[in-house]
Amino acid sequence: MTKVFIDTDVLLDIFLEREPHHSVALRLLTDLRRSGSICFTSAVVLANMNYILAKAKGSEYSVNKLRSLRRMVGVAPIDEAMVDAALASPHRDFEDSLQLHCANGSGIETLITRNAKHYPKGRLRVTSPIEYLGSQDPAKSG
């Protein structure tokens, strides 16, 4: 089973219906579920989403959407070592670094984000929703 980490921006595209990304993000989540992939995010992502969704659409909307999301994705843990590694990282964006260490520490193979360029190259595959969907298309794998 493939383990994937879904970043904040992709999930917000779904729940805020942000175009032109909404349909791609929705297709991604649908394809991941159909394929049997195990999807994760982090408590940091959920907290950030709650703040943004509540501001945009109200706290009831936010809580309902996060409950719905939790039925589809697991929450990868973040421990002290991951926080310390993110703080020590030369990575400029602490939140992105924290997500990267969280995914790595949970044995996740792929992190899906629209900000792939913000992440350093390493063991973890970091890709956009469009690139991920294209790589899963049997017609494109030759």
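The values are calculated or read from the model by the stated rules, or taken from the named source; none is laboratory data. Please read these numbers as outputs of a predicted model, since none were measured by experiment. Cβ atoms come from the backbone with ideal geometry, glycine included; neighbour counts cover every protein chain shown.
Scanning region 112-135 for residues being hydrophobic (A, V, I, L, M, F, W, C) and assigned to a strand (DSSP E or B) gives a total of 2. Annotation note: of Ser62, Ser68, the sole residue that is in a helix (DSSP H, G or I) and loosely packed, with under 15 Cβ neighbours inside 10 Å is Ser68. Filtering region 17-36 to residues that are buried (at least 17 other Cβ atoms within 10 Å of the Cβ) and out of contact with any Pro (no Cβ under 7 Å at 6 or more places or on another chain) leaves His21, Leu29, Leu32. Please give the number of the condition Pro77 fails out of (1) modelled with pLDDT under 95; (2) closer than 27 Å to Thr30 by Cβ; (3) loosely packed, with under 15 Cβ neighbours inside 10 Å. In the conditions (1) modelled with pLDDT under 95; (2) closer than 27 Å to Thr30 by Cβ; (3) loosely packed, with under 15 Cβ neighbours inside 10 Å, Pro77 misses (1) alone.
Scanning region 10-65 for residues that are charged (D, E, K, R), within 23 Å of Tyr132 (Cα to Cα) and out of contact with any Lys or Arg (no Cβ under 9 Å at 6 or more places or on another chain) yields Glu17, Arg18, Glu19, Arg27, Asp31, Arg33, Arg34.
Taking region 13-23, which residues are in a helix (DSSP H, G or I), touching a residue at least 12 places away in the same chain (Cβ under 8 Å) and either out of contact with any His (no Cβ under 7 Å at 6 or more places or on another chain) or not β-branched (Val, Ile, Thr) (or both)? Within region 13-23, Asp13, Phe15 qualify. Screening the candidates Val75, Val45, Val10, Val83 for the property of being touching a residue at least 60 places away in the same chain (Cβ under 8 Å) and under 22 Å from Glu109 (Cα atoms) yields one hit, Val10.
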